[in-house]
Amino acid sequence: MDKLSSRLDNVILVKREDRQPVHSFKLRGAYAMMSSLTAEQKSHGVITASAGNHAQGVAFSASRLGVKALIVMPVATADIKVDAVRGFGGEVLLHGANFDEAKARAIELGATAGFYLGAAVRSPDGHRRTGNPGAGAAAAGCPY
């Protein structure tokens, strides 16, 4: 970055999202969402639907915060993604031919089993939690 900083006559800093444990900014959003849950919500666990980085972010955050995480992923999700979620401590339920079917199942299970629904874009309380790099992460004390 020294060359770029010199060329632009300014200090240029780059946040390397690929250096995050899940290789994505989604970790910070998931951590912010999960750390803002009440103790009662945490006790019921979190459920979400995702076939990618949000799933890994929720699984990783849940393991660090001591919360059960059930991730509903489409049946065709790449093994590397499923294995990563499991490796971070998340429980995986493969369901549906696509994301919409997996999401519908997550919503259904959330309602019947009492899980908190940790949506990838908009949480049930209407707040955007993930998808915005850094959204709430500093305030939530996210170490990533």
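The values are calculated or read from the model by the stated rules, or taken from the named source; none is laboratory data. Being a predicted model, the structure only gives us computed values, none of them experimental. Counting neighbours? That spans all protein chains shown, and the Cβs are built from the backbone with ideal geometry, glycine included.
Condition check: buried (at least 17 other Cβ atoms within 10 Å of the Cβ), without any contact (Cβ under 8 Å) to a residue 40 or more places away in the chain, in contact with a strand residue (DSSP E or B) (Cβ under 6 Å, 6 or more places away or on another chain) and outside any strand (DSSP E or B). Does residue 58 satisfy that? First the steps, then the outcome.
Details: buried (at least 17 other Cβ atoms within 10 Å of the Cβ): yes; without any contact (Cβ under 8 Å) to a residue 40 or more places away in the chain: no; in contact with a strand residue (DSSP E or B) (Cβ under 6 Å, 6 or more places away or on another chain): yes; outside any strand (DSSP E or B): yes.
Here the answer is no, as residue 58 does not meet what is asked.
Report yes if some residue within region 61-75 is polar (S, T, N, Q), touching a Cys at 6+ places or on another chain (Cβ under 9 Å) and modelled with pLDDT of 95 or more; otherwise report no. Let's see the steps before the verdict.
Start the filter on region 61-75 by keeping residues that are polar (S, T, N, Q), which leaves 61, 63.
Filter once more, keeping what is touching a Cys at 6+ places or on another chain (Cβ under 9 Å): 61.
Adding the requirement that they be modelled with pLDDT of 95 or more leaves 61.
Within region 61-75, one or more residues are polar (S, T, N, Q), touching a Cys at 6+ places or on another chain (Cβ under 9 Å) and modelled with pLDDT of 95 or more.
Across region 65-93, what is the number of residues that are touching a strand residue (DSSP E or B) at 6+ places or on another chain (Cβ under 9 Å), in a loop (DSSP other than H, G, I, E, B) and closer than 17 Å to residue 46 by Cα?
Qualifying residue count, region 65-93: 5.
Within region 23-31, does at least one residue satisfy the condition of being among the hydroxyl-bearing types (Ser, Thr, Tyr) and part of a loop (DSSP other than H, G, I, E, B)? Break it down stepwise before answering.
Taking region 23-31 and keeping what is among the hydroxyl-bearing types (Ser, Thr, Tyr), we get 24, 31.
Filter once more, keeping what is part of a loop (DSSP other than H, G, I, E, B): 24.
Taking every residue of region 23-31 in turn, at least one turns out to be among the hydroxyl-bearing types (Ser, Thr, Tyr) and part of a loop (DSSP other than H, G, I, E, B).
Could you tell me which residue of region 25-50 is surrounded by the most Cβ atoms within 10 Å (Cβ to Cβ), considering only residues that are among the polar types (S, T, N, Q) and without any contact (Cβ under 8 Å) to a residue 60 or more places away in the chain?
We begin by selecting, within region 25-50, every residue among the polar types (S, T, N, Q); these are 35-36, 38, 41, 43, 48, 50.
Restricting the remaining residues to those that are without any contact (Cβ under 8 Å) to a residue 60 or more places away in the chain gives 38, 43.
On the way: 38: 9, 43: 13.
Looking at the filtered set, the residue picked out is 43.
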